[in-house]
Amino acid sequence: MNAFSRNPADRVVVVGGGVAGLSTALRLAPRPVTLVTASPLGLGTATGWAQGGIASAMGADDSASLHAADTEAAGAGLTEPDVALRIAAEGPRLIDWLVSLGAPFDRSEDGALALGLEAAHSRRRIVRAGGDSTGARVLETLVAAVLNAPWIEVVSAAVTDLLRDEAGAVAGVVAESDGARFRIPARAVVLATGGLGGLYASTTNPPGATGRGIALAARAGATLRDMEFVQFHPTAIAAGRDPMPLATEALRGEGARLIDETGAAVMAGIAGGDLAPRDVVARGIFQALQRGRTVYLDTRGALGAAMPTRFPTVAALCASAGINPATQAIPVRPAAHYHMGGVKVDAHGASSVPGLYACGEVSSTGLHGANRLASNSLLEGLAYAGFIADGLDAPPPRRILPDTAPRRAGSELAAIRAVMETKVGVVREEAGLSAAVAELSPLAETCDAALVASLIASSALSRQESRGAHWRSDHPHQAPARHTETTSAGVAAPALAE
């Protein structure tokens, strides 16, 4: 059935082809869904690059409450406990659902799921597929299910705007393909557009990850939350590539160590050491680099020799860069990896704008707080897909208003990336953030990438403390825990965390 022949009173448009978008489209059955993807299905998403796995309390020594407690500890005071427990409790059921779809998760000799350990987890609870190829294997599973789902149609196009009806509700999308713009009316739109790491010169994200979904929501008037919290993965492989290849955190869970060129332990004397939360490790490496050191991930010996079978993705990335991890340490540095902030949503994934929902990295659910716990991202997208499907309650659109003029996605992207890298990075301070706001704000009216970047910089400037992934060298201490709520009109005063 053609996208334009469906009754907009029934249709839901889902924007994005990663784990959040695909699982939402599947969960919405039997409602008709139009899935709009900027890249061909299965390509161009961060899901396919995810090496770690899916965190789920599957072990006999584990529980949802323990998983939630670890999530709260990593979230540095801004994780909402009820959200963490609700999502952690969904983990085993979601793994079972993926298994029912054919997901080829790794298993031990007795047939049980093989559970890995990652930083800041108190139990082995990382469910993987193909060693460090979990994202790709899960993506393949979900794509196959979508292609076999009669209620889902797939449209390959870039969404450039959100339609609004006369009541102010979101009523569909404006899309563009091969230079032609067209409308897809709908009773609701679910944004599942991923993250914004591509706004930084050093990133592990796909090039298209520039926050387009956040820009769409912001221009529609949606409330955004905690935009300043950008997680930098500590161990991006420093091999001169853009985007930077990633050396999964699971390597440190299996014994890899962070060293400098002298062989000294980079994380010596820091609580948690090599398995400290990501923000702590990223700052440790950043500070070593600032002192002129070179930082390496040391997998030499048995771990490096086993990498082709245990971590084939990283082994292949190393080989392509001329590195033998069995005999050579891997040069690493922090790179923009995940955004904890985004479109503020409620328990059903609904934004502050009627008819607009968000799922996955584009959203702010209250799970990640100031610092995402490793392998909670795929879990969150899978869980909120079900929450949205269960709670979606959008009335049919009224008279749809004319759409607005298209905006540039990122024609100034190179300059934006340079500003974000140097002024809104791992360690921040007032002068750099103020300069970033001054440089980005004039571009924000017409450029979506600049709008999102300016919102990050403005929120970071307003948060005068250090918390989680947001570290201010001029405000190194924590203030009372507060969220920052933002609209495209500017940054509101931080609101006390509930």
Legend entry - Every residue from segment 291-307 that is part of a helix (DSSP H, G or I) and under 27 Å from the mean Cα position of the chain (by Cα): Met307
Legend entry - Qualifying residue in segment 99-106 (condition: under 26 Å from Asp393 (Cβ atoms) and modelled with pLDDT of 95 or more): no
Inset, instruction - Could you grab the pairs with beta carbons closer than 9 Å, sequence gap of 6+ or different chains, first residue in segment 417-428 and at pLDDT 95 or above, second one of a type in the set (A, V, I, L, M) and part of a loop (DSSP other than H, G, I, E, B)? - result: Arg417/Ala201; Ala418/Ala201; Met420/Ala201; Glu421/Ala201; Thr422/Ala201; Val426/Ala469
Legend entry - helices (runs of 4 or more DSSP H) fully within segment 371-474 counting 2 or more residues that are closer than 30 Å to Ala171 by Cα: 377-391, 448-462
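Results for (1) buried (at least 19 other Cβ atoms within 10 Å of the Cβ); (2) free of Cβ contacts under 8 Å to residues at least 60 places away in the same chain; (3) of a type in the set (Lys, Arg), shown as yes or no for each residue.
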{"residue": "Ala50", "(1), (2), (3)": "yes, no, no"}
{"residue": "Asp61", "(1), (2), (3)": "no, no, no"}
{"residue": "Ala64", "(1), (2), (3)": "no, yes, no"}
{"residue": "Ala69", "(1), (2), (3)": "no, yes, no"}
{"residue": "Ala74", "(1), (2), (3)": "yes, no, no"}
{"residue": "Val83", "(1), (2), (3)": "yes, no, no"}
{"residue": "Ala89", "(1), (2), (3)": "no, yes, no"}
{"residue": "Phe105", "(1), (2), (3)": "yes, yes, no"}
{"residue": "Ser108", "(1), (2), (3)": "no, yes, no"}
Inset, instruction - Only residues in segment 384-407 that are farther than 12 Å from Ala347 by Cβ count as the first member; pair them with residues that are at pLDDT below 80 and among the small types (Gly, Ala, Ser), Cβ under 7 angstrom, at least 6 apart or cross-chain, and list the lot. - result: Pro396/Ala9
Inset, instruction - Inspect segment 158-166 for any residue being over 30 Å from Thr422 (Cβ atoms) and either of a type in the set (Lys, Arg) or free of Cβ contacts under 8 Å to residues at least 40 places away in the same chain (or both) and give the result as yes or no. - result: yes
Inset, instruction - Considering only residues that are aliphatic (A, V, I, L, M) and assigned to a loop (DSSP other than H, G, I, E, B), look in segment 153-187 and name the one that is farthest from Thr45 (Cα to Cα). - result: Ala167
Legend entry - segment 308-319 - residue that is in a helix (DSSP H, G or I) and in contact (Cβ under 8 Å) with a residue 24 or more places away in the chain and, of those, farthest from Pro234 (Cα to Cα): Thr309
Inset, instruction - Could you please give the count of residues in segment 41-55 that are under 23 Å from His121 (Cα atoms), modelled with pLDDT of 80 or more and assigned to a loop (DSSP other than H, G, I, E, B)? - result: 1
Inset, instruction - Among the residues of segment 169-209, count how many are among the β-branched types (Val, Ile, Thr), touching a Phe, Trp or Tyr at 6+ places or on another chain (Cβ under 8 Å) and more than 20 Å from Gly240 (Cβ to Cβ). - result: 4
Legend entry - Some residue of segment 22-36 being β-branched (Val, Ile, Thr) and under 19 Å from Arg128 (Cβ atoms): no
Legend entry - Residue that is surrounded by the most Cβ atoms within 10 Å (Cβ to Cβ) [pool: residues in segment 429-456 that are in contact with a helix residue (DSSP H, G or I) (Cβ under 6 Å, 6 or more places away or on another chain) and touching a residue at least 60 places away in the same chain (Cβ under 8 Å)]: Ala453
Inset, instruction - Kindly check whether there is at least one residue in segment 271-286 that is assigned to a helix (DSSP H, G or I), surrounded by 20 or more Cβ atoms within 10 Å (Cβ to Cβ), of a type in the set (Asp, Glu) and in contact (Cβ under 8 Å) with a residue 40 or more places away in the chain. - result: yes
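The values are calculated or read from the model by the stated rules, or taken from the named source; none is laboratory data. None of these values were measured; they are calculated from a predicted model. Cβ sites come from the backbone with ideal geometry, for glycine too, and all protein chains shown count toward neighbours.
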